[in-house]
Amino acid sequence: MNTSIDSATLRLIEQLLSDYSHCVDNKLFEHWPDFFTDECSYEVRQAEDQEKGYLVGLIFDSNRNRLLDRVKFMREVWEGSIEHYRTRHVYQITQITQSTTDSIVSVESNLQVTYTQAESASAVLVSGCYIDRVQLDGEGSAKFLSRTVVLDGIPARALNYPL
Amino acid sequence: MTTSPTALQLKHRYADRFGDPTQVPKEIFIDPDLYRLELERIFMGPYWHPLAHRAELPNPKDFKTTWMGEAPILIVHGEDGVIRAFLNSCAHRGVRLETRTSGSADEFQCPYHRWVYSTGGKLEGAPGRREFPCDFKNSDFGLKTLRTVEMAGLIFVTADPEAPDLDSFLGEAGPAVKEALIDDGQLTLLGYQRAIIHANWKIYNDNDGYHAPLLHTAFRHLNWQGGGGSVGATQPHGHVYFRYEVSPYVDNGFLADPSLLSFEGTDARGRVISLKPLVGITKHLDTINIRFARPLGIDKTEVHYAYFGHVSDTPEHARHRALQASNLLGPSGLVSIEDVSAFERTHQTSGDGWVERFVRDVGKEPDEWTQQEEVANTVWWDHYRLSMGLV
């Protein structure tokens, strides 16, 4: 971990990541877009595709309006026609870097998510990492400029919800 | 066709269960004996399996590995420009030769005994050669080459010398496939999505037109149906093909970012083709998609969604295609996510001893079928029960 990060910034980052995790595990998706800045992206990609530079992702939300639409899909479109499952996100920060003049912090974290469907044993949904660019506004707020979830392999089932 | 003891047992097992192709006995989705016979008669049998598109391996020495049923396949763009398909198995002791999913290679070397094969599949060398039998010939130990035919860049492969010629196999679905691949097949690869669907491969393969406006409530929210057109099914294999003109989505305010459904190209031909046994090809709005798939045993199907642009695309148009591809027709896309769920819930009832029944447009002549039909699938079911010797 980069030692140039001051403890107040580190606390902000940790709060952002844990609040996000709480939001998605508890399916408080109305609040999910609020973790992102106005100009933002949220992507889920497989590592091999990321390395090869392919454009297509499993999820590719290139702006805030797409995040709002995703919430609408989950709440209004898919509600009666997809299988629900519970998740638990477990992550660990592995890298934080910040240039001295910049209000943008780059954060990488390892990620594992379990899922549990009705009547089913719990299992691992994905293993991978978050690659985040976090915008600090200087007034004690931190939001994702971009959050890319890089998956090590194929998810154990189709992803209904953002990771 | 073989009449192995298993095949005879299966015929007996299903003799009273599958007399009507509109009534499918659900135990066929969880029968391990039947699955072994499917691998033999369908995946290694006289069917043409599209396993790659030239755009995935555009340069000489490029390769892709994949599976045909449970057989490992190595597809290589030869230095002579020809794309060939081999069993991805060393001709010596059977080690899987190449384990990367794609890349570029001057040659293929088996790590076990360092046998080396050319990109054309010829055995180039083997250590300890002087100790081999004196009649050993390299030409007897090349990679096992499968028949391939290329159409609009799509590489069709079969393991069976008895397979009919490709045009007869595809029938009327052939022109629809070409149209979906922009006629010339001059495509560029935009990327992949991979998914594991917890359903038997035959359920994944049995999607219909009837469900579209009903399961997918998005169409109602958007006040948009995508386009009206015609449907057909080929004899005898039951490839199903939809042809329609894309009707642009008129922004009704439902989406904050309507570019998900915007049509920015000039080619308004919409095509949805289900090639039997297990490949789907879709050209919808600006998305060009080939869904390669393989069974993972009786209860899972792995799907590789490959997305393409055209060589004439501007970078902006290619990005638009990729954005649409990612969020519309993939395993977590606005529309297709619900299909995945329907397949899985269908599979979950396979043990109830009952039948699936097809009713919409059943009894009508093919020229009377509507786009919201499900009768077209029964052509395949009729073919399936006959080719598997169940009746």
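Just give me the residues in segment B:69-115 being in a loop (DSSP other than H, G, I, E, B) and either of a type in the set (S, T, N, Q) or in contact with a Leu (Cβ under 7 Å, 6 or more places away or on another chain) (or both), in sequence order.
B:Gly69, B:Glu70, B:Asn88, B:Cys90, B:Ala91, B:Leu97, B:Glu98, B:Thr99, B:Thr101, B:Cys110, B:Trp115
Being of a type in the set (Phe, Trp, Tyr) and surrounded by 19 or more Cβ atoms within 10 Å (Cβ to Cβ) is the filter here; which residues of segment B:130-186 pass it?
B:Phe156, B:Phe169
Which of the residues belonging to segment B:233-243 are in contact with a His (Cβ under 9 Å, 6 or more places away or on another chain) and either open to solvent by less than 40 Å² (accessible area, probe 1.4 Å) or of a type in the set (Gly, Ala, Ser) (or both)?
Once the filter is applied, which keeps residues that are in contact with a His (Cβ under 9 Å, 6 or more places away or on another chain) and either open to solvent by less than 40 Å² (accessible area, probe 1.4 Å) or of a type in the set (Gly, Ala, Ser) (or both), segment B:233-243 yields B:Ala233, B:His237, B:Gly238.
Would you pick out the residues in segment B:1-32 that are assigned to a helix (DSSP H, G or I) and open to solvent by less than 60 Å² (accessible area, probe 1.4 Å)?
Residues satisfying the conditions are B:Thr6, B:Ala7, B:Leu10, B:Tyr14, B:Lys26, B:Glu27, B:Ile28, B:Phe29.
Which one of the conditions (1) at the interface with chain B (Cβ under 9 Å from one of its Cβ atoms); (2) closer than 23 Å to A:Asp102 by Cβ does A:Leu17 fail to meet, given that it meets all the rest?
Condition (1) is where A:Leu17 drops out.
Are any residues in segment B:258-289 crowded, with 19+ Cβ neighbours inside 10 Å and either among the polar types (S, T, N, Q) or more than 30 Å from B:Leu170 (Cα to Cα) (or both), and if so, which ones?
Answer for segment B:258-289, where residues must be crowded, with 19+ Cβ neighbours inside 10 Å and either among the polar types (S, T, N, Q) or more than 30 Å from B:Leu170 (Cα to Cα) (or both): B:Leu260, B:Leu261, B:Ser274, B:Thr282, B:Thr287, B:Asn289.
Take the residues in segment A:76-86 that are outside any loop (DSSP other than H, G, I, E, B) and within 14 Å of chain B (Cβ to nearest Cβ); name whichever of them is surrounded by the fewest Cβ atoms within 10 Å (Cβ to Cβ).
It comes out as A:Glu76.
If you scan segment A:16-27, which residues turn out to be surrounded by 12 or more Cβ atoms within 10 Å (Cβ to Cβ), farther than 15 Å from A:Glu108 by Cα and of a type outside the set (Val, Ile, Thr)?
Listed by number, the residues that qualify are A:Asp19, A:His22, A:Cys23, A:Asp25, A:Lys27.
Residues in segment A:102-122: is at least one more than 22 Å from A:Phe29 (Cα to Cα) and crowded, with 20+ Cβ neighbours inside 10 Å?
yes
List, please: which pairs have Cβ atoms under 6 Å, are six or more places apart or on different chains, and start with a residue in segment A:2-19 that is within 13 Å of A:Val134 (Cα to Cα) and of a type in the set (Phe, Trp, Tyr) and end with one that is at pLDDT 95 or above and in a loop (DSSP other than H, G, I, E, B)?
none
So which of A:Ile96, A:Ile59 ends up being buried (at least 18 other Cβ atoms within 10 Å of the Cβ) and more than 14 Å from the chain's Cα centre (by Cα)?
One residue alone meets the criteria, A:Ile96.
Criterion first (surrounded by fewer than 15 Cβ atoms within 10 Å (Cβ to Cβ), under 27 Å from A:Ala47 (Cα atoms) and within 22 Å of the chain's Cα centre (by Cα)) does B:Thr99 satisfy it?
Criteria met by B:Thr99.
The values are calculated or read from the model by the stated rules, or taken from the named source; none is laboratory data. This is a predicted model, so every value here is computed, not measured. Neighbour counts run over all protein chains shown; Cβ positions are idealised from the backbone, glycine included. With ligands, DNA and RNA removed, areas are computed over all heavy atoms of the protein, side chains included. Shrake-Rupley method; radii C 1.70, N 1.55, O 1.52, S 1.80 Å.
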